[in-house]
Amino acid sequence: MSKVKYFKLTKNQLYEELSYVNHSREKRLFYSKMVLDHPELVSYLLDILFDVDDNISCRAAWVFEFMCGENLEAVIPHLDTFTENVSKVHLDPAVRPVAKVCEYLAIAHYKEKNQNIINALTTQHKEKIIEACFDWMINDEKVAPKAYSMNTLFLLGNEFDWVHPELVIILERDFHIQSAAFKARARHILKKIKKLEARS
C-alpha cells in the first residue's frame, strides 16, 4: 500500500492492516513508521489497542511500542487515553509492550530528563502508570512486564515516596517463588532502593 493510501486509512482499514503484523522486527517497524508518518492514525491505533478482548489489540500494542521506541514524544497528545486505559490491558502479548511504554516514559522523565515528557506527564498520568505497574507486579504476569514494571516503579518512586516501600514488600515477598530472571532484576532494584535509603 502506498503512503498516499495510508494517509486516508480509516480505523477499520488500520485494523485490517494490523492483521499483517507479526513478531518480525521488520513488520513492527514498518507499521510504526507508517503511524509516525501520519499522526492522525495514533488515536485509531490506541482505540484498537484498548479493545482489550480482541486479539488484534496485541498487534496494535506491538506497533505502539515500536512507535514509542522510535519517537516517544508522539505519544504526548494521547497520554490521557493511554494512562486512562493502560490498566485494562490483560492479554499476555499486549501487556509486555504497554508495560515497556510505561518504562520508556519513566526513563525519559527521570533519567533522560526529557523536558517535553516532563511537561506533559501530569501527576494523574503518573498515578495511573503506578497503578498499572503494581497490578502487573501482583498479577500472574510473565517476567518481562514485571521487569519493566519494577524499573518504572523504582523511577517513579523517586517522586512518590510511598512507592519504594510498597515495591520492596512485593519484591521480597515474591522473591523465592519467581524465576531466575525475576530474581536478578529484583536484586538489582532492591540494591538501588537500599542505596537511596542509605543516602537519605
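The values are calculated or read from the model by the stated rules, or taken from the named source; none is laboratory data. Bear in mind that the values here come from a model prediction, so they are computed numbers and not experimental data. In this analysis, Cβ positions are derived from the backbone assuming ideal geometry, glycine residues included, and neighbour counts consider all displayed protein chains. Only protein heavy atoms, including side chains, enter the accessible area calculation; ligands, DNA and RNA are left aside. Shrake-Rupley method; radii C 1.70, N 1.55, O 1.52, S 1.80 Å.
Accessible area per residue, 1.4 Å probe, Å², for the chain: what's the number? Mind showing how you got there, number by number?
Values: 10200 Å² over 200 residues.
Here the per-residue accessible area is 51 Å².
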Pop out the ³J(HN,Hα) list for the stretch 104-112 in order, Karplus 6.51 cos²θ - 1.76 cosθ + 1.60 with θ = phi - 60°, rounded to Hz; leave Gly and Pro as x. 3, 5, 5, 5, 4, 6, 8, 9, 7
Once all protein chains are kept in place, Trp136 shows an accessible area at probe 1.4 Å, nearest 10 Å², of 10 Å²
Partners for Lys194 among lysines (Cα-Cα distance below 28 Å; same-chain residues under 8 apart left out): Lys100, Lys111, Lys113, Lys126, Lys128, Lys142, Lys146, Lys183
Each residue of the stretch 137-150 in turn: what ³J(HN,Hα) in whole Hz from Karplus with 6.51, -1.76, 1.60 and θ = phi - 60°, glycine and Pro shown as x? 5, 7, 6, 7, 9, 6, 5, 4, x, 5, 5, 4, 5, 5
Estimated vicinal HN-Hα couplings, Hz - the stretch 114-120 in sequence order (Karplus 6.51, -1.76, 1.60; Gly, Pro = x): 5, 4, 5, 5, 4, 5, 7
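Please say if the stretch 20-71 is rounded, prolate or oblate, where rounded means a/c under 1.5 for a ≥ b ≥ c the square roots of the C-alpha gyration tensor eigenvalues, and otherwise the choice is prolate for a/b larger than b/c and oblate otherwise?
Numbers: a/c = 2.00, a/b = 1.18, b/c = 1.70.
Because a/c hits 1.5 or more and a/b fails to exceed b/c, the stretch 20-71 counts as oblate.
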Mean-square fluctuation maximum in Gaussian network of the chain, Cα pairs under 10 Å, restricted to His188, His164, His109, hits His188
Helix-only mean residue ellipticity at 222 nm for the chain, each DSSP H run of n ≥ 4 adding -39500 (n - 2.57), per residue, nearest 500: -21500 deg cm²/dmol
Mean shadow area of the stretch 1-117 over all directions, Cα convex hull, nm²: 6.8 nm²
Normalised contact order of the chain, rounded percent, pairs of Cα under 8 Å and 6 or more residues apart: 15 percent
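For the peptides 177-187, 151-161, 36-46, what is the packing order when you average, over each peptide's residues, the other Cβ atoms within 10 Å and list the highest mean first?
Taking the mean over residues of other Cβ atoms within 10 Å, the ranking is 151-161, 36-46, 177-187.
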Relative contact order (percent) for the stretch 10-63, with alpha-carbon contacts under 8 angstrom and 6 or more residues of separation? 40 percent
Take the eigenvalues of the Cα gyration tensor for the chain, scale each by 5, and report the square roots as semi-axes in whole Å, largest first. 32, 18, 13
Using Cα springs under 10 Å in a Gaussian network model of the chain, which residue among Leu49, Leu167, Leu190 shows the largest mean-square fluctuation? Leu190
Pick from Lys146, Lys88, Lys100 the residue whose mean-square fluctuation is largest in a GNM of the chain, springs joining Cα atoms under 10 Å. Lys88
